[in-house]
Amino acid sequence: MEAIGYLARTQSHKDKEKLAPYIVQAILLLVAPALLAASIYMVLGRLMTYLEAAHHSMIRIKWLTKFFVAGDVLSFLMQTLGGAMLAKGGDSGNLGQKLILGGLFVQILFFGGFLTVLCMFHLRINREPTAIASSLQRNGRNGWMTMLTVLYASGGFIMVRSIFRVIEYVQGRNGYLLRNEVWLYIFDATLISAAVIPFNFVHPSNVILLENRKSFSEGAEGLQGAEMELAPRHRQ
């Protein structure tokens, strides 16, 4: 969505009277980070399960991903609808801008909650590591602590980007940030790139269930079965 959004933005630059590429870039660049955030929520849930550390979560592991993804879906829908209305202009545009702001505030609220859960989990598992966490690699490219660091970094970049977008839309369509394109590339394109790139070096599949990746497709039972299988090997 990010790639298509910037391609559409290029086309919009070449033809400023054409509405379709403008709408495409406006909506896709606005809502794409919500999907990245949903992926981050799922990675933390999987990591907690893999480390047998669900008791360290502030929210029951059963509801953790569902709760935050539900907030993300709400934010995604509000921003998408608001972006479509904003592109029409007039009274619809004013309502669309309010919907986008509401969606961004929802995203910040839920993402702030997620970062709190992540921080508390980090502190608790450091203080009381589980047996399997103690036996597994902590640091390095395949370490679970490195994965937590990547989640912190990625989450922080997305949060700063969302705050920038809020300020942008609070200023309105004639505001300084919307009229000066460079800020979009600094606080949106650069930050979202910085949120994605680390996962190419510390990919979740290299940290979680490295020896049995098929278990991801088998749900919770597959995860538990793989952990039972892997635990003795790690402890050896």
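The values are calculated or read from the model by the stated rules, or taken from the named source; none is laboratory data. As the structure is a computational prediction, the values presented were derived from the model and not from experiment. With ideal geometry, Cβ positions are generated from the backbone for all residues, glycine too; neighbour counts draw on all protein chains shown.
Scanning region 145-169 for residues that are at pLDDT 90 or above and among the aromatic types (Phe, Trp, Tyr) gives Tyr152, Phe157, Phe164.
For region 142-181, which residues satisfy the criterion of being part of a loop (DSSP other than H, G, I, E, B), over 23 Å from Ala53 (Cα atoms) and either touching a residue at least 24 places away in the same chain (Cβ under 8 Å) or within 20 Å of the chain's Cα centre (by Cα) (or both)? Steps first, answer last, please.
Of all residues in region 142-181, those part of a loop (DSSP other than H, G, I, E, B) come to 142-143, 172-175, 180-181.
Imposing the further condition that a residue be over 23 Å from Ala53 (Cα atoms) reduces the set to 172-175, 180-181.
Matches in region 142-181: Gly172, Arg173.
A residue that is surrounded by 15 or more Cβ atoms within 10 Å (Cβ to Cβ) and at pLDDT 85 or above occurs somewhere in region 170-180. Scanning region 47-54 finds no residues that are within 23 Å of Ala195 (Cα to Cα), assigned to a helix (DSSP H, G or I) and either of a type in the set (Asp, Glu) or modelled with pLDDT under 85 (or both). Only residues that are in contact with a helix residue (DSSP H, G or I) (Cβ under 6 Å, 6 or more places away or on another chain) and among the aromatic types (Phe, Trp, Tyr) were counted in region 20-63, giving 2.
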